[in-house]
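Here it is, the structure, as structure tokens.
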Amino acid sequence: MSEIAIEVRNAVKAFGQGGMAVRALDDVSVDIRKGEFFTLLGPSGCGKTTLLRLIAGFESPTSGQILLDGQDITHLPPNKRPVNTVFQSYALFPHLTVLQNVGFALQMLGKPKAEVAETARQMLALVKLDQMADRKTSQLSGGQQQRVALARALAPKPKVLLLDEPLSALDLKLRKEMQVELKRLQHETGITFIFVTHDQEEALTMSDRIGVMSAGKIQQIGAPREIYVRPVNRFVASFIGETNFLPVTVSGGHVTLKSGIRIAAGNTHRHHGDFTVTVRPEHVRIVPRDAEGAIPATIRDQVYFGTDTHYHLVLGDGTEIVARQQSRTATESGLMNGTTVGVQFAEGATRVLEQ
Ligand code: ATP
């Protein structure tokens, strides 16, 4: 049996005609594995929702294919797909009770009454709302309504659950709680979750793998750590976490800053010419100016964040970078603005980017 739940093959989705046409998806291919928590992450308008809608069957691709368990479902109507969606707006029925809402889809499928009630109760227990079965949904908080929407979507036991920014209407505290809750639900049910968000922290903390999207294309697919540590291009590096960019020249496996100082970078073998190196602020160390291999830098500014302090530094070639250091105690001598210091990059923390 295939390990792939959903396979998107060369999907193109164009809206509008001629000069006004928008390519919401521009040749997207991705394999989503069975039982994984897969997140589509990208800025507003990058095509995340469009891709989800193609998988759900609410839209047909202009070209390309969607496969589920190896079967071509490109032209199958939404109600014939073993796929369900949870939207940001919960779209619950206000005149029905919580239990009736959860059982609704099963009832529509013509399942016997007793079975509908039994499954709906199981689903409510799963989302920890079994005490609220007889309430009207209008009597619930936002977080509780979201749980009902989840229980309702899970009730027909879909093979794939699509979640379109389901937490964005919740306040921060509830959102954090629901993040944990969603992970637990996914783990307990073993259902493949495809989750859409524009929140990079949410993507990093929840996902087994992330597909980073921009301008209708998937830029990179990988586990959170892989995407954070080894971004393939400038877009991915800057969209996920904070980072520094340094203009460099790569030649014969050596990476040189504009000031002529050589730095180490892991992935130089395929590169030759002018490139950009990325290094995360937490991997930039401030050291004494005469330390071995230190790059001279001047402290221009510093911002205190409690645990961390961000130092804005200017290198000899005029490049500005940020170093994130653990804040010093009040009694320790601070680093003063205008001081010349040395900078080192943590081993293995510098990457040459494709673009
Ligand atoms: P958001 O996070 O804002 O929802 P998104 O990444 O989900 O954004 P999509 O909603 O998939 O992005 O939209 C991708 C592009 O396609 C956008 O430029 C959008 O304006 C366009 N688009 C989406 N749906 C339609 C439509 N029905 N008709 C015309 N253009 C559309």
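Quick note: the coordinates plus some simple rules give every number you see, no bench work behind them. Since the model is a prediction, treat every value here as computed from it, not as a measurement. Heads up, the Cβs are rebuilt from the backbone with ideal geometry, glycines too, and the neighbour counts pull from every protein chain shown.
Report for the stretch 244-352 the percent antiparallel among DSSP-assigned beta bridges with both residues inside it, nearest 5.
Of those bridges, close to 100 percent are antiparallel.
Rounded, prolate or oblate: pick one for the stretch 160-294, where a ≥ b ≥ c are the square roots of the eigenvalues of its C-alpha gyration tensor, a/c under 1.5 means rounded, and failing that, prolate if a/b is larger than b/c, else oblate.
prolate
How much length is gained on full extension from K258 to F15, taking 0.36 nm per residue of separation minus their Cα-Cα distance?
83.0 nm
State to the nearest 20 debye the size of the charge dipole of the stretch 221-293 about its Cα centre, where the only charges are +1 on K and R beta carbons and -1 on D and E beta carbons.
100
Right, next: Hey, got the dipole for the chain? About the Cα centre, +1 on K and R Cβ, -1 on D and E Cβ, debye to the nearest 20?
The calculation lands at about 720 debye.
If you take every DSSP beta bridge whose two residues both sit in the chain, what share of them, in percent to the nearest 5, is antiparallel?
Close to 75 percent.
Cβ under 9 Å from A323's Cβ, A323 left aside: what net charge do those residues give with Lys, Arg +1 and Asp, Glu -1?
That sum, taken over residues with Cβ under 9 Å, equals +1.
Further, regarding this structure: So if R0 is 45 Å, what FRET efficiency would E3 and D171 give, r being the distance between their Cβ atoms, rounded to the nearest 0.05?
0.75
222 nm [θ] for the chain, helices only, -39500 (n - 2.57) per DSSP H run of 4+, per residue, to 500?
Computed ellipticity for the chain at 222 nm equals -7000 deg cm²/dmol.
When the convex hull of the Cα atoms of the stretch 244-352 is projected onto a plane and the area is averaged over all directions, what value comes out in nm²?
About 6.6 nm², averaged over all directions.
Among 32-43, 183-194, 295-306, how do they line up by average Cβ neighbours within 10 Å per residue, starting with the highest?
32-43, 183-194, 295-306
Let me ask something else about it. Kindly identify the stretch 33-192 as rounded, prolate or oblate by the Cα gyration tensor criterion: order the square roots of the eigenvalues as a ≥ b ≥ c, call it rounded if a/c is under 1.5, otherwise compare a/b with b/c, prolate if a/b is larger, else oblate.
oblate
Between K157 and V287, what length in nm is gained on full extension when 0.36 nm per residue of separation is reduced by their alpha carbon distance?
41.1 nm
Restricting things to alpha carbons, tell me how big the chain is in terms of Rg and Dmax, in Å.
According to the Cα coordinates of the chain, Rg and Dmax are 25.0, 79 Å.
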